[in-house]
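Okay, so here's the structure we're looking at.
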Amino acid sequence: MSTAVLLSGGLDSAVLVADEATRDEVQPIYVSAGLAWEPAERAIVARVLVTPPFSRRVRPLVSLEVDMRDVYAATHWAIEGRPPAYHTPDEDVYLPGRNIVLLGKAGVYCASAKIERLVLGTVAHNPFPDATPEWRDAVARALTLGLAHALRIDAPYASTSKADVIRRGAALGVPFELTLSCMNPQSTLSTRQSTVSAHHCGECSKCRERNDAFVEAGIPDPTTYRTTANLR
C-alpha cells in the first residue's frame, strides 16, 4: 500500500518523504495555492527529489492547484510576497484554511489513485486550528464519506520538534541545503550546470524558525541567507 505525502520543499516535508520511503512506496504531492513563494518551492522540489534519499520508493511528483487568490486579498502578505518579520510569533503567521485546502485537493487525488493514507509534515507546537489531531480525524472521516474511499490522514511528526526532525533528516541524508523554508526566497537556476539553489531572505519568521531549529539540533545550518544579521 502506498502513502501520499504533502511536499512543499521545506525541511519537515522533505524529511517526511525520505522517512516514509524507508517503509513504503511514497507518492509526493505538491499543491499550489497561488502564493508568492511557490515558484521557488516548485523549482527546489524538483531538485530535491532527484537526490539519493529519494531515489527508491518515491514516485514522480504530482502537482495540483487550488488558487486562493480569489479568497485572500491582493494585499495579503502571502500574495504580495511581504512576509512577517523575523521575530513575528508563529501565532501571527496564519493562512486561514491552508491545511483544509491542501488536504481537500490531495484527498480527492488519493481517492482517484486508490491511495488510502495521506500524511503531512505538521510538527510540535503548531498553534493553528487546522493542525490538531481532532481536526485531522474529522477531515479524514469527511473525505472518506464524501469520496466513498477509505482515507487515513496522519501527521507523524506532530509530537516532534523541528530540531528532532532535522536530526532524523541528517540520519537519512536529506540535502538540507536544497530545502526551502522562506516566505521571501530568491531562486537561482543554472541551466548549464543543471543546478537550482534557493537563497533564504534571513528576515522572515520562517527563516528564524529554520535557523533556531538547526542551532537546537546541534547541526550546522547549511542554508544560504541573504541577510545574516538576525541569525544565531
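The values are calculated or read from the model by the stated rules, or taken from the named source; none is laboratory data. Since the structure is predicted, the reported quantities are computational estimates derived from the model, not experimental observations. Heads up, the Cβs are rebuilt from the backbone with ideal geometry, glycines too, and the neighbour counts pull from every protein chain shown. Heavy atoms of the whole protein, side chains included, go into the accessibility calculation; ligands, DNA and RNA do not. Shrake-Rupley method; radii C 1.70, N 1.55, O 1.52, S 1.80 Å.
Details
- In this structure, the amide hydrogen of residue 31, modeled 1.01 Å from its nitrogen in the peptide plane, lies closer than 5 angstrom to those of 7, 64, counting only residues at least 5 positions away or on a different chain.
- Estimated D of segment 25-150 in µm² per second, where Rh is the Kirkwood radius over Cα pairs and Stokes-Einstein applies at 25 °C, 0.890 mPa s: 150
- Set of lysines with alpha-carbon distance to residue 162 below 21 Å, sequence-local pairs under 8 removed: 206
- Counting only DSSP H runs of at least 4 residues, each contributing -39500 (n - 2.57), and dividing by the residue count of the chain, the helix-based mean residue ellipticity at 222 nm comes to -10500 deg cm²/dmol.
- Gained length - residue 216 relative to residue 67, 0.36 nm times residue gap less alpha-carbon distance: 50.1 nm
- Descending by average beta-carbon neighbour count within 10 Å, the peptides 166-177, 80-91 line up as 166-177, 80-91, the highest first.
- With every protein chain in place, the chain: carbon and sulfur % of accessible area (1.4 Å): 52
- In Å, descending, principal axis extents of the Cα set of segment 105-232: 50, 37, 28
- Translational diffusion of segment 80-131, estimated by Stokes-Einstein from the Kirkwood radius over alpha carbon pairs at 10 °C in a medium of 1.306 mPa s, is 120 µm² per second.
- Under 19 Å from residue 105, Cα to Cα: lysines that are on another chain or at least 8 residues apart: 114
- The base-10 log of I(q)/I(0) for the chain, evaluated at q = 0.11, 0.17 Å⁻¹, reads -0.53, -1.38 [Debye formula, identical scatterers on Cα atoms, solvent excluded].
- When the alpha carbon gyration tensor of segment 2-89 is reduced to an equivalent ellipsoid, its three semi-axes come out at 28, 14, 11 angstrom, largest first.
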